[in-house]
Amino acid sequence: MHPFSYTRASDTREAINAGRRGGRYIAGGTTLVDLMRETVEHPETLVDISRLPLREVTATERGGLRIGALVTMSEAAAHAKVRALFPIVSEALELSASAQLRNMATIGGNVMQRTRCTYFRDVTTDCNKREPGSGCAALHGYNRTHAILGTSNDCVATHPSDVAVAFAALEARVLLQGPEGERQLRFADFLLRPGSTPNREQAIRQGELITAVEIPALPRPLKSGYLKVRDRQSYEFALTSAAVALHIRGGVIREAKVAAGGVATVPWKLSAVEQALIGERPSGRLWAEAAARAADGARPLQYNRFKVELLKRTVERQLRIVGEME
Amino acid sequence: MSSELPESAVPPPTGASESTSGPSRRTFVATGAAVGGAVVAGGAFFVGSGEATAAGVAPSSEVSLTVNGTRRTVTVDNRTSLLDLLREHLGLTGSKKGCNAGACGACTVLVDGQRVNSCLTLAVRLEGAEVTTIEGLAKGDELHPLQQAFIDEDAFQCGYCTPGQILSGVGCIQEGHTDSPEEIREWMSGNICRCGCYVKIVRAVEQTAGRK
Ligand SMILES: Cc1cc2nc3c(=O)[nH]c(=O)nc-3n(C[C@H](O)[C@H](O)[C@H](O)COP(=O)(O)OP(=O)(O)OC[C@H]3O[C@@H](n4cnc5c(N)ncnc54)[C@H](O)[C@@H]3O)c2cc1C
Ligand code: FES
Ligand code: FES
C-alpha cells in the first residue's frame with residue numbers, strides 16, 4: 001500500500017473542499033482499502049466522510065424513498081421504510097457480500113464500487129481501466145465472469161453491485177453535492193459504459209460527493225424481487241441476476257421495471273423486456289417471450305457464452321416469481 | 001488514473017509498506033516464507049511511530065481506542081489495518097489473517113458492537129471506537145457461551161477460522177438472524193472454514209442463541 005495522509009471531514013463542506021483538492025473519499029472502505037492494498041488505487045489523501053450527516057432514510061412525497069449515501073448496507077436492508085416501500089432493495093442488499101461487509105459498506109460506496117475483474121485487480125497485467133492504453137487482458141484471457149453486454153474493444157469488466165441493479169430497474173437518481181452546488185443524475189447516466197475510456201466509470205466530477213440515492217414513487221400495488229445466480233449460494237458475486245418490479249391492475253401489467261446484473265459493464269436496464277410486458281396479461285408464455293429479449297445485442301467472449309442463455313432463464317424465472325406472487 | 005507500477009516502497013526489514021508492492025502476491029508469499037516470521041513480526045505489515053515516520057516517508061496518526069475494555073493510545077502508520085494493529089502492535093494474535101481482502105472472515109472482530117472485517121478497517125479511523133476481539137469475550141475464567149458451545153459441539157479442526165467464526169456468531173446472535181439453521185448458514189456465510197466444520201458451527205450458534 002502506498003503511503004497516504006488522512007483527514008476526517010466534520011461537515012459536508014469541509015469534505016467537498018478536501019475532495020476538490022484531490023482528496024479521495026472513504027466511506028466503509030471495503031472497496032478502497034482492498035484496492036489500495038493491491039496498489040490498484042494509490043490516493044495521496046484519504047478524506048474520511050463516515051461522520052457526515054448522510055445517514056437518513058426518508059420517504060419522499062407520494063411514496064418515493066431517499067437513502068442517505070452513508071447508510072450502511074445492513075442498515076438500509078433492515079430499515080422499515082425500505083422493507084415496506086421497496087423490499088427489492090433489501091433483498092438485493094442481503095444477497096450481497098457478507099454480514100460483516102454489509103455492516104461496514106455504505107450505499108454511496110456500493111454504487112461507486114469498482115469491478116472485480118481479476119486483471120483489473122492484478123497490477124502485473126494489462127488493463128485499460130487501471131492503466132489507459134495498456135490493453136485488456138480479459139478480452140482473450142479467462143473471461144468466464146466478464147460482461148456480454150455494454151462492452152467495448154477496450155473493456156469487458158462487469159459492474160459488480162447487486163443493489164445498483166435494483167436501483168437501475170427502479171430508475172433511481174443519484175443526488176450529488178459538489179464545489180459547484182447540487183445536482184441529480186439518473187442512474188443510467190451516472191454509471192458509464194466503458195467505450196474507449198474505461199477508466200471513467202461514473203459521471204462524477206472532482207470533489208463531488210454522493211449525498212443520497214433517491215427512488216421515485218411507483219404505482220401501487222407493486223410486486224418486486226431480486227434473483228441472483230452465482231457459483232456458490234452465498235458470499236459471491238453474481239454470474240447473472242435480475243431485478244423485477246411489476247404493477248399489475250385488473251389482470252394487466254401496467255408498469256414493468258426490469259434490469260439485469262452480472263452480465264454487463266453497468267447495471268443493465270432491460271427496456272425491450274419491459275416493453276414486451278406492458279399492456280399484457282401475465283402468463284407463462286409471456287414470461288418466456290419477454291425474457292427472450294433479455295440478451296439482445298449480447299457479445300459473448302470465449303468463456304462466458306453460457307451467460308446468454310443463463311441471463312434469459314434468470315429473467316424468465318424472476319418474471320414468473322414476481323408475476324405470480326400473491 | 002495513474003499507470004505507474006507500484007514502487008518497491010521501502011525494502012523489507014525496515015519496511016514502511018506492506019509487502020504486496022512486489023510484482024505479485026505469489027512473490028510475496030514466497031518471500032514471506034523464505035524469511036519466515038521475521039517479515040511479519042519485524043513489521044513489514046506494520047510500522048508504528050518508528051523510523052519511516054521520522055524520516056517523513058509514511059504519514060502516521062495518533063488514535064485512541066478501547067480494545068477489550070482497555071483504553072489504548074497508539075501512533076499508527078496510516079496504512080495499518082485494525083487487524084495488523086491488533087496482531088503486530090498489541091500482541092492480540094487471536095484474530096487471524098486469512099485473505100486480507102474481506103473474503104474469508106478470519107479477521108472478524110466487533111467494532112462498537114458490530115461484526116466487521118478488521119483487515120479492511122484502517123486503524124486510523126477508529127478514534128473513540130470500542131473493539132472486542134476473541135481475547136476479550138470471556139469474563140475472567142468463564143468462557144463466553146458461544147466459546148463454550150464451540151468446544152461442546154467440537155465446531156473446529158485446525159481452529160484457524162474459529163476466532164472469526166465466534167465473533168461473527170456473536171454478531172449474528174445479536175442481530176437475531178438465528179431462527180433456523182438455514183438462516184444461520186446464510187448470515188454466517190462471511191466466515192469460510194476450510195476444514196468444513198459448518199454443520200457444527202451452525203449447531204453451536206443455534207444452541208447459544210436458543211439459550212438466550
Ligand atoms: C469479499 C467481498 C465480497 C463482496 N460481494 C459483493 C456482492 O455480492 N454484491 C455487491 O453488491 N457488493 C459486494 N461487495 C462490494 C461491497 O458491497 C462494496 O465494497 C461496498 O459496497 C463499497 O462501499 P464502501 O462504503 O465500503 O465504499 P468505499 O470503499 O469507502 O469507497 C468505494 C469508492 O466509492 C467512493 N465513495 C464512497 N462514498 C462516496 C460518496 N458518498 N460520494 C462519492 N464517492 C464515494 C470512494 O472514494 C471509493 O472510490 C463485496 C466486497 C468484498 C470485499
Ligand atoms: S482476513 Fe479479513 S476477511 Fe479474510
Ligand atoms: S477449523 Fe480449520 S478452517 Fe475452520
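Tabulated data
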item	result
Residue satisfying all of: in region B:101-141; away from ligand 1 (no atom under 11 Å from the Cβ) and touching a Lys or Arg at 6+ places or on another chain (Cβ under 8 Å); nearest to A:Ile49 (Cα to Cα) among these	B:Glu127
Qualifying strands (runs of 3 or more DSSP E) (wholly inside region A:204-259; at least 3 residues being closer than 27 Å to A:Leu176 by Cα and more than 16 Å from ligand 3 (Cβ to nearest atom))	A:209-215, A:240-249
Residue in region B:74-93 that is touching a residue at least 12 places away in the same chain (Cβ under 8 Å), more than 10 Å from chain A (Cβ to nearest Cβ) and within 16 Å of ligand 3 (Cβ to nearest atom) present	no
Filter pass, A:Arg285 being surrounded by fewer than 15 Cβ atoms within 10 Å (Cβ to Cβ), free of Cβ contacts under 8 Å to residues at least 60 places away in the same chain and not in a helix (DSSP H, G or I)	no
Count of region B:112-121 residues which are crowded, with 20+ Cβ neighbours inside 10 Å and out of contact with any helix residue (DSSP H, G or I) (no Cβ under 6 Å at 6 or more places or on another chain)	0
Residues located in region A:91-135, provided they are away from ligand 1 (no atom under 14 Å from the Cβ) and over 20 Å from B:Cys104 (Cα atoms)	A:Tyr119, A:Val123, A:Thr124, A:Thr125, A:Asp126, A:Cys127, A:Asn128, A:Glu131, A:Pro132, A:Gly133, A:Ser134, A:Gly135
Residue count, region A:232-247 (criterion: within 13 Å of ligand 1 (Cβ to nearest atom) and either within 13 Å of another protein chain (Cβ to nearest Cβ) or among the hydrophobic types (A, V, I, L, M, F, W, C) (or both))	9
Output for region B:164-183, where each listed residue is within 11 Å of ligand 3 (Cβ to nearest atom) and surrounded by fewer than 23 Cβ atoms within 10 Å (Cβ to Cβ)	none
Residue check for A:Val229: away from ligand 2 (no atom under 16 Å from the Cβ) and buried (at least 24 other Cβ atoms within 10 Å of the Cβ)	no
Selected residue [modelled with pLDDT under 95 and more than 12 Å from chain A (Cβ to nearest Cβ)] from B:Gly196, B:Gly140	B:Gly140
Members of region A:157-200 found to be over 25 Å from A:Glu274 (Cβ atoms) and either assigned to a loop (DSSP other than H, G, I, E, B) or within 16 Å of ligand 3 (Cβ to nearest atom) (or both), listed by number	A:Ala157, A:Pro179, A:Glu180, A:Ser196, A:Thr197, A:Pro198, A:Asn199, A:Arg200
Strands (runs of 3 or more DSSP E) (entirely within region A:1-112) containing at least 2 residues that are within 14 Å of another protein chain (Cβ to nearest Cβ) and either at pLDDT 95 or above or within 28 Å of B:Val170 (Cα to Cα) (or both)	A:5-8, A:24-26, A:45-48
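The values are calculated or read from the model by the stated rules, or taken from the named source; none is laboratory data. Small disclaimer: the values here were computed from a predicted structure and weren't measured. No Cβ is skipped: glycine too gets one built from the backbone with ideal geometry, and neighbour counts run over all protein chains shown.
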